[in-house]
Amino acid sequence: MPLPPPLLTEPSPDPAGPGPGGPPAAAPRPDRRTDLIAVVASLALAFWITSGLWLDPNRRAVTVNSSDQSLFEWLLAFGAHALTHGDNPLLTGVINVPDGVNLAVNTSITVYAVLLAPLTYLLGPPVTFLIVLTANLVATALAWYWLLSRHLLRTGPAALLGALFIGFSPGMVSHANAHLNWTAGWLAPLIVWWVLRLADPGRWLRYGVLLGVGVAVAFSIAAEGLFFIALACVVFLAAWALAPVNRAAARAALPNFARGLGAAGAVAGVLLAYPLWLHFLGPQRFHGTGFNPIIHAEDIAAYGAYPARSLAGLLGLGTRLAPNPTEENSFFGVPLLVLTVACAVLLWRRADPDRRATLRALLITAGVFVVLSWGPRAKILGTHTPVPMPFALLGHLPVMNAALPARLALVVTPIVGLLLGHAVDALRTTPPRDRPRRLAWAAGFAVALVPLFPITLLTSVREPVPAFITSGAWRPYVSTGGVIAPLPFTLDVTPDGQRWQAYAWTHRQGEFAIPSGFFLGPGGPDGRGRIGPVPRPTNALLNEVAETGVVPPIGPAERAAARADLRYWRVDVVVLADRIHGAKWPVQHDALLRAATELLGPPQRVADVWLWPVSRTSAAPGPPAVWAPPSPRAGG
């Protein structure tokens, strides 16, 4: 689209060139010193935020979301294993036996997993995970800096401020708690720029192909984020094209834009034909998710609140207005909201009609996504109200029903960053005699942005993979491609089983499957998805014991159900490690050992685990009345 740089502010007068009424300014020239500052600052901030993990990547995990960290480590390991063994990277039977899992409707990050497979085999999934997480943060800031400095803003410092704000915004830092999909924000500026350039005469094919490849990559890494980018482009371009001052330009640009969009659709369609078939028509698919959009909606007050992992949060000014610590998607603080409004007013007053139309389109886009992020019903200061919101009308539509409304607030962040950058551009042209005004604006930027400076993620040491797995001692107990049932059964709150698989694959020990797993699959209410499989009697009983420590009465009926469930899952051996990672609560190990013994009979002691071979279990009438398990931490 014909959006000349600088996007919102007037170009600086060129003494050697045309005046204000002349042709648009040329694209900004590179500022190599600011480029270097951008690289150094992005690297420093990314390593600062993730520094707790870098202390020991193989043992440490993010405290508030270790379950997602384990999942993404598993996905990286599975993708590498699938690549080297010729397996399907999007459909697997190694978890959720016997039904398997459709990874096309999960966040499969296949592109990362395949490209980084050598690194995963060399250094292990936890290290690859940390490298991707850190690189995502760096690349997001630098991608936005490239777009702002090379195409949309006039000066390097303005682009640097806007890019660093976007790349290390409260939402990005919050999702750095293990979300490799949402921290891949570097995709957004590339896709947005390719969309805007589709209308370039003679270049629609080039940008259409680039856009098609970008869409395919983004679908693999963050399909929900790709949907948000597409929705934001639609809202912005519609608002821009409908402005009276832009209608003639929009009509003139439409043929090339349509051709470029067609080329992008063709390329993306070829690359995504199989993943899209799996997503919408394949086995183990579902519609929507198991997440409640009322709970996972942005609190209206959250826009003026401070995030937990910031200087303001460190000083006790953070709030608990997000559904969990990984979803602080807005959290700009009141001073930044005031500053953003002031920047918009400044730009509006200085802009000509063309740029006012662009500014209006940006503000409309921000407003739409703010309101949509509030979900089906308004929530303020943690209180759900009966007041309906527009999302209530849209949340049942296909694709939209799989989106978490709170995350729509992430679209607002780049718009805020763009307004801040353009305001800095405008203020740098203020005459020297207006120094008090410049100082007032500088103070305003400091008051708004300094409290949002990010602090390091909370991390802690997690339980290691047991020696039973790392030594390969598991192999004599499991048939080729057989099934190990770790206790408690693998879910998001108890992710160890998939960590064991990831270790075995990347250390070339072989392959085993597990009955459960942390994934999204069918079985939720109204045909929607759910986390993990629909529980059967045995895993429901043992997982409840693991959480509560209460062992219910176990008799012949429970033992018969256990035998039936183990046959259904085709389990070779049931395993209880000495040390178990509970992602949300401590696992009640001793109670779990007692319950498993009453269900399955006396266990064997091998390395640092208790195990029950299923061939013995099936024949056992029940545990001997005199048997009492020794302390699992005393050896044996």
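Normalising the Debye intensity of segment 330-436 to I(0), with uniform scatterers on Cα atoms only, and taking log10 at q = 0.10 Å⁻¹ returns -0.39.
Between amide H atoms placed 1.01 Å from N, distances below 5 Å from residue 378 occur with 385, 387, 389, all of them 5 or more places distant or on a separate chain. When peptides 478-484, 144-150 are ranked by their average number of other Cβ atoms within 10 Å per residue, the highest-first order is 144-150, 478-484.
Sorting 556-569, 63-76 by their mean Cβ neighbour count within 10 Å, with the most densely packed peptide first, gives 63-76, 556-569.
Around the Cα centre of the chain, unit charges on the Cβ atoms of Lys, Arg, Asp and Glu (plus for the first two, minus for the last two) sum to a dipole of about 1300 debye.
When 419, 593 are ordered from fewest to most other Cβ atoms inside 10 Å of their Cβ, what list results? Show your work: numbers first, answer last.
Values: 419 24, 593 21.
With the fewest neighbours first, 419, 593 line up as 593, 419.
For segment 284-297, putting each phi into the Karplus relation 6.51 cos²θ - 1.76 cosθ + 1.60 with θ = phi - 60° gives couplings of 6, 7, 7, 10, x, 10, x, 8, 6, x, 6, 6, 8, 10 Hz, in residue order, rounded to whole numbers and with x for Gly and Pro.
Bridge orientation summary for the chain: considering DSSP beta bridges with both residues in this region, about 75 percent are antiparallel.
Here segment 78-211 is treated with +1 on each Lys and Arg Cβ and -1 on each Asp and Glu Cβ, and its dipole about the Cα centre works out to around 600 debye. Taking amide H as placed 1.01 Å from N in the peptide plane, residue 333 has its amide H under 5 Å from the amide H of 304, 305, each at least 5 places away in sequence or on another chain. Only bridges with both residues in segment 467-619 count here: give the DSSP antiparallel percent, nearest 5. So the antiparallel bridges in segment 467-619 amount to around 65 percent. When the Cα positions of 212, 447, 580 are compared along the charge dipole of the chain, 447 comes out farthest toward the positive end, with charges on each C-beta of Lys, Arg, Asp and Glu.
Annotation: amide H-H contacts under 5 Å for residue 91 (H modelled 1.01 Å from N, sequence separation of 5 or more, or interchain): 103.
Panel note: the C-alpha atoms of segment 224-284, placed on their principal axes, show extents of 50, 21, 14 Å (largest first). Residue by residue, segment 321-326 carries 3J(HN,Hα) couplings of 8, 8, x, 7, x, 8 Hz when phi is fed to the Karplus relation 6.51 cos²θ - 1.76 cosθ + 1.60 (θ = phi - 60°); x denotes Gly or Pro. Per-residue ellipticity at 222 nm computed for the chain from its helices equals -16000 deg cm²/dmol, with DSSP H segments shorter than 4 residues left out and the rest contributing -39,500 (n - 2.57). So what is the diffusion coefficient of segment 62-102 in µm² per second by Stokes-Einstein at 10 °C and 1.306 mPa s, using a Kirkwood Rh over Cα pairs? Answer, rounded: 143 µm²/s. In terms of packing, defined here as the mean over residues of other Cβ atoms within 10 angstrom, the peptides 488-495, 453-460 line up highest first as 488-495, 453-460.
In this label model, residue 467 and residue 39 are separated by 4.7 nm, measuring between points 7 Å along each Cα→Cβ vector.
If a helix is a whole DSSP H run, which ones in the chain reach 18 Å or further along their own axis (Cα) and hold a mean Kyte-Doolittle hydropathy of at least -0.5? Could you put the intermediate results ahead of the total?
Values: long enough: 32-49 (26 Å, 1.33); 66-85 (28 Å, 0.24); 125-147 (32 Å, 1.49); 204-242 (32 Å, 1.98); 247-281 (42 Å, 0.95); 334-350 (24 Å, 1.75); 353-373 (30 Å, 0.92); 412-427 (23 Å, 1.63); 435-449 (21 Å, 0.48); 556-569 (20 Å, -0.82).
Counting only whole DSSP H runs, the qualifying helices are 32-49, 66-85, 125-147, 204-242, 247-281, 334-350, 353-373, 412-427, 435-449.
Across segment 505-578, the fraction of Cα-Cα pairs farther apart than 21 Å, rounded to a whole number, is 42%. Arranged from fewest to most other beta-carbon atoms within 10 Å of their beta carbon, 233, 343 become 233, 343. Label sites at residue 393 and residue 450, each approximated as a point 7 angstrom past Cα along Cα to Cβ, lie 4.5 nm apart.
Read the figures in this text as sums done on the coordinates, not as results from a lab. Model, not experiment: these values are computed from the prediction. For neighbour counting, all protein chains shown are included, and Cβ atoms are generated from backbone atoms with ideal geometry for every residue, glycine included.
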